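Peer 1: Next up is a structure, given as structure tokens.
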Amino acid sequence: MTRLKDKVAFITGAASGIGAACALRFVQEGAWVVGFDIGETTNDTWKKAVEIAPESYFEIGDVRDEERIRSVIEGTVKRFGRLDIVVNCAGIASGGPVHMLPTEEWDRVMDINLKGTFLVCKYAVGQMVEQGSGSIVNISSIEGIEGSEGGSAYNVSKGGVILLTRNMAMDYARKGIRVNTICPGFVDTPLASETVLDNEILKDFRDHIIEAILLGRIGRPEEIANAVLFLASDEASFITGHALMVDGGFTVGHRFGITRLMGLE
Ligand SMILES: NC(=O)c1ccc[n+]([C@@H]2O[C@H](COP(=O)([O-])OP(=O)(O)OC[C@H]3O[C@@H](n4cnc5c(N)ncnc54)[C@H](O)[C@@H]3O)[C@@H](O)[C@H]2O)c1
């Protein structure tokens, strides 16, 4: 398992869900990981990652804190001598119809999901330019490409992440840096379970979601991590500026049961 042998990766949102799954998948492929999150990690997935790659470590911090981001990335480069991969996974889900959404909440979502991604890229990309190589994977969402009821702030922040990705891909391609984004669909993590999947008020909605996912189930964090691994690795050496949907087919089209009439289910 050497798809990321000796690569150094910085992963935000590493305490939980998709970020922790990326950390584990990366170390299984030979990388060293610096995890970053606003909260302490109690996640078994992260613990397993450190058991495999003991030089990996975890830093507490807020992606909105520019000085903290700058110093943690500087520390990563000092410790390992390089920075090969960045995964921007830290994020929150929030929003609502615009007339009901407090302006401060709009700002909070933008600051964490979009500005936080910008700040991490801003302080990581300099080292990558110096090296002449690097791979950045930003985590957006299917909701960054299509609307959803009450999506507002969240969807706008994730749409912004896709455009930031494309613009960075243009600006840094000739410096050997690839920048891509993953658009997950519904994935079983604390973020999705608190907001939608296990929310008592929305429990009927969960069945509708599963019905609308072509593969008929919610995704697992490691399924997103596998796609992140591919884009982060040299196997994706000719891919940049791409937004990859990893959603079990949720955004492919609408189903009306016609295939059932055809005897396909
Ligand atoms: N789970 C899904 O269904 C789904 C779908 C599409 C996109 N996403 C995106 O995937 C990413 C990871 O989410 P997840 O589902 O693994 O949720 P999660 O809640 O398990 O993980 C998100 C992590 O981000 C951290 N975080 C939040 N605010 C932060 C801040 N200000 N600074 C640093 N860290 C912060 C949290 O502490 C948490 O550990 C998010 O960007 C989310 O928007 C998730």
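Peer 1: Obtain the radius of gyration and the Kirkwood radius of the stretch 96-141 from its C-alpha atoms and give Rg over Rh.
Peer 2: 1.19
Peer 1: How large is log10 I(q)/I(0) at q = 0.12, 0.31 Å⁻¹ when the Debye formula is applied to the Cα atoms of the stretch 1-54, each weighted equally and without solvent?
Peer 2: The calculated log intensity ratios at q = 0.12, 0.31 Å⁻¹ are -0.20, -1.25.
Peer 1: Over the Cα atoms of the chain, how large are the radius of gyration and the largest Cα-Cα distance (Dmax), in Å?
Peer 2: 18.4, 62
Peer 1: Would you calculate the volume per residue, in Å³, of the smallest convex hull containing every Cα atom of the stretch 186-265?
Peer 2: On the way: hull volume 10.2 nm³, N = 80.
So the per-residue hull volume is 128 Å³.
Peer 1: Shifting gears a bit: Using modelled amide H (1.01 Å from N, peptide plane; none on Pro or chain starts), what sits under 5 Å from the amide H of Val86, excluding residues fewer than 5 places away?
Peer 2: Phe10, Ser135, Ile136, Val137
Peer 1: List Leu101, Leu264 from most exposed to least, where exposure is judged by having the fewest other Cβ atoms within 10 Å.
Peer 2: Listing Leu101, Leu264 from fewest to most nearby Cβ atoms yields Leu264, Leu101.
Peer 1: Just to confirm the number: angle between the C-alpha axis of helix 17-28 and the first principal axis of the chain, 0 to 90 degrees, nearest 10?
Peer 2: For 17-28 against the chain, the angle is about 50 degrees.
Peer 1: Rounded to whole Å, give me the distance from the Cα center of the stretch 73-117 to that of the stretch 213-256.
Peer 2: Taking the Cα centre of the stretch 213-256 as reference, the centre of the stretch 73-117 is 21 Å away.
Peer 1: What angle do you read, to the nearest 10 degrees and between 0 and 90, between the alpha-carbon axis of helix 221-232 and the longest principal axis of the chain?
Peer 2: Taking the Cα atoms of the chain, the angle to 221-232 is about 50 degrees.
Peer 1: Obtain the radius of gyration and the Kirkwood radius of the stretch 101-172 from its C-alpha atoms and give Rg over Rh.
Peer 2: 1.05
Peer 1: Around Ile142, what is the net charge, scoring Lys/Arg as +1 and Asp/Glu as -1 over all other residues with Cβ under 13 Å from its Cβ?
Peer 2: Local net charge: -2.
Peer 1: For the stretch 1-122, what are the per-bin percents of Cα-Cα distances with bins 10 Å wide, up to the bin holding the maximum?
Peer 2: Spelled out bin by bin, the stretch 1-122 gives 14, 44, 29, 10, 3, 0 percent.
Peer 1: Please sort 221-231, 23-33, 185-195 by packing, taking for each peptide the average over its residues of neighbouring beta carbons within 10 angstrom, highest first.
Peer 2: Listed from highest to lowest mean packing, they are 23-33, 221-231, 185-195.
Peer 1: How far is helix 116-131 tilted, in degrees, relative to the longest principal axis of the Cα atoms in the chain, given as a value from 0 to 90 rounded to the nearest 10?
Peer 2: That helix lies at roughly 40 degrees to the long axis.
Peer 1: To continue, here is another question. Report the convex hull volume per residue for the stretch 110-254, counting only C-alpha atoms, in Å³.
Peer 2: Considering the Cα atoms of the stretch 110-254, their hull volume per residue is 111 Å³.
Peer 1: Let me ask you something else. Residues with beta-carbon under 11 Å from that of Gly61, excluding Gly61: net charge, scoring Lys, Arg +1 and Asp, Glu -1?
Peer 2: Overall, the nearby charge balance is -3.
Every number in this text was worked out from the coordinates using simple rules, so none of it is lab data. These numbers come from a predicted model, not from an experiment. A quick note on method: Cβ atoms are made from the backbone with ideal geometry, for glycine too, and the neighbour counts reach across all protein chains shown.
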